[in-house]
Amino acid sequence: MRTVGVLILLALIFITGALWVERDLVRTGKQLETDVQAVIEAAKGEDWPRIRSSVERLWQRWRTIEPRWNLFTEHPEIDDINDVLSRLRAYTEAQEGAALLAEALAAQRLFIHIPRKEAFRLSNIL
């Protein structure tokens, strides 16, 4: 009987941890997505000072979030995000509007996709 109690407790700890991780990924993913949306809006208006500040804000936020995402996501996806954000910064410096917009949309897709992929759902477990 004691074994069953321990197993139930471990299952509850696992489920609670998984739900906490999912909540954190979704919350931080939305923050990053909001920052990317600011970059997209500035890029549509070709407001380069605003683009620079938005890209820098996105970069700084990512640097604070990245260590937590490294714990819970696959590293190739983290590498993809770093690559996209590096290109985004380069296109900002070169003032390449079309390329910047394409990279911003790619970053937005990653920030939406990863939390969904890591969600604690039966379809993701099986």
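Here, each number is a calculation from the coordinates, and none is a lab measurement. Keep in mind the model is a prediction, meaning the values are calculated, not measured. A quick note on method: Cβ atoms are made from the backbone with ideal geometry, for glycine too, and the neighbour counts reach across all protein chains shown.
Descriptive notes on the structure:
- Kyte-Doolittle mean at least -1.0, axial Cα span of 15 Å or more - DSSP H helices of the chain: 2-44, 75-94, 97-117
- Look at the alpha carbon pairs under 8 Å that are at least 6 residues apart: their mean separation over the length of the chain gives a relative contact order of 34 percent.
- Residue-count net charge about residue 50 - beta-carbon cut-off 14 Å; Lys, Arg +1, Asp, Glu -1: -2
- Note on Cα extents along the principal axes in Å: of the candidates (1) 53, 27, 25; (2) 44, 28, 27; (3) 67, 23, 19, the value calculated from this structure sits at (3).
- Fewest-first ranking of 16, 73, 34, using other Cβ atoms within 10 Å as the exposure measure: 16, 34, 73
- Net charge of the neighbourhood of residue 17, taken over other residues with C-beta under 12 Å away and scored Lys/Arg +1, Asp/Glu -1, is -1.
- Evaluated with a Cβ-only charge set (Lys, Arg +1; Asp, Glu -1), segment 22-126 carries a dipole of roughly 380 debye about its Cα centre, given to the nearest 20.
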